[in-house]
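A.B. asks: Pasting in a structure now, in structure tokens, and then I'll have a few things to ask.
The values are calculated or read from the model by the stated rules, or taken from the named source; none is laboratory data. All figures in this text were calculated on a predicted structure; none of them were measured in a lab. Neighbour counts run over all protein chains shown; Cβ positions are idealised from the backbone, glycine included. Only protein heavy atoms, including side chains, enter the accessible area calculation; ligands, DNA and RNA are left aside. Shrake-Rupley method; radii C 1.70, N 1.55, O 1.52, S 1.80 Å.
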Amino acid sequence: MDGEQVAALAELAQRVRELNEAVVHTEVEVDEVAAIRDEVAALTARLSAARREHPPLVGVGEDGTVRQLAGPVGGVLNPIAPPVAIAVQPDGTARAEFILNVLYEGPPGFVHGGVSAMILDQLLGVAATANGTPGMTATLDLRYRRPTPHGVPLIAEAKVDRTEGRKTFVDARIIGPDERTTVEATATFVMPLR
């Protein structure tokens, strides 16, 4: 998949994210909803005219992480993925700054705890991979310290604590706009046997 196609599909995915949010907030009349439904069905048929068997992978980035274009967290081609772009810092910390909208709401005004868990699991895995010790999530423990608000800037960070053989232990957290931790996580990643 070339860069031009990735860019075009990423822009399409962004428009679909906006459509998803519009669906949640709309108060248009039922007849208009039906007309839009039919247009979306027609667009879906057009996109389905040529399908690949598997979601596209770009490969391994300079920081050692696998770039999943359609991944469930930060995948630029995945319209339901939270918009989380993770970067690995020189000290090995995986870090992301992002804003979640109402699509990721649990309690009114706050992010669903499962969404926080998904984001932290991804971030923890990136930190393990950047450490040179990639693996599969074996344990994921979360501590919800306070509600995580949506619609405001959030920061998430993860860093490897230690490695023992095939196991890598990583810590992470989400930080709210008041600089207070909203969710903490620890995880163990196990490198599969070859």
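A.B. asks: What are the pairs, 6+ residues apart or on separate chains, where a residue within the range 6-20 that is in a helix (DSSP H, G or I) and of a type in the set (D, E, K, R) has its Cβ under 8 Å from a residue that is open to solvent by less than 50 Å² (accessible area, probe 1.4 Å) and at pLDDT below 95?
C.D. replies: From residues that are in a helix (DSSP H, G or I) and of a type in the set (D, E, K, R), the pairs are 17/79.
A.B. asks: Mind checking which residues of the range 114-168 are among the polar types (S, T, N, Q), closer than 24 Å to residue 85 by Cβ and surrounded by fewer than 17 Cβ atoms within 10 Å (Cβ to Cβ)?
C.D. replies: 137
A.B. asks: Return a yes/no flag: does the range 44-54 have any residue that is in contact with a Pro (Cβ under 9 Å, 6 or more places away or on another chain), exposed (fewer than 13 other Cβ atoms within 10 Å of the Cβ) and in a helix (DSSP H, G or I).
C.D. replies: No, that holds for no residue.
A.B. asks: Also, I was wondering about something else. Consider only pairs whose beta carbons are under 7 Å apart and that are at least six residues apart or on different chains; among these, list those whose first residue lies in the range 21-41 and is within 26 Å of residue 82 (Cβ to Cβ) and whose second residue is in a helix (DSSP H, G or I).
C.D. replies: Between residues of the range 21-41 that are within 26 Å of residue 82 (Cβ to Cβ) and residues that are in a helix (DSSP H, G or I), the close pairs are 21/102; 21/103; 24/102; 24/103.
A.B. asks: Right, here's the next one. Among the residues of the range 84-105, count how many are part of a loop (DSSP other than H, G, I, E, B) and open to solvent by 30 Å² or more (accessible area, probe 1.4 Å).
C.D. replies: 5
A.B. asks: Looking at residue 123, is it within 29 Å of residue 21 (Cβ to Cβ) and part of a strand (DSSP E or B)?
C.D. replies: Answer is no for this residue.
A.B. asks: From 35, 70, grab the single residue that is modelled with pLDDT under 95 and either more than 26 Å from residue 161 (Cα to Cα) or assigned to a helix (DSSP H, G or I) (or both).
C.D. replies: 70
A.B. asks: Taking the range 152-185 as the region of interest, how many residues are of a type outside the set (Asp, Glu), part of a loop (DSSP other than H, G, I, E, B) and within 20 Å of residue 97 (Cβ to Cβ)?
C.D. replies: Final tally of qualifying residues: 4.
A.B. asks: Can you pull out every residue in the range 112-121 that is touching a strand residue (DSSP E or B) at 6+ places or on another chain (Cβ under 7 Å) and in contact (Cβ under 8 Å) with a residue 24 or more places away in the chain?
C.D. replies: Scanning the range 112-121 gives 113, 116, 117, 119, 120, 121.
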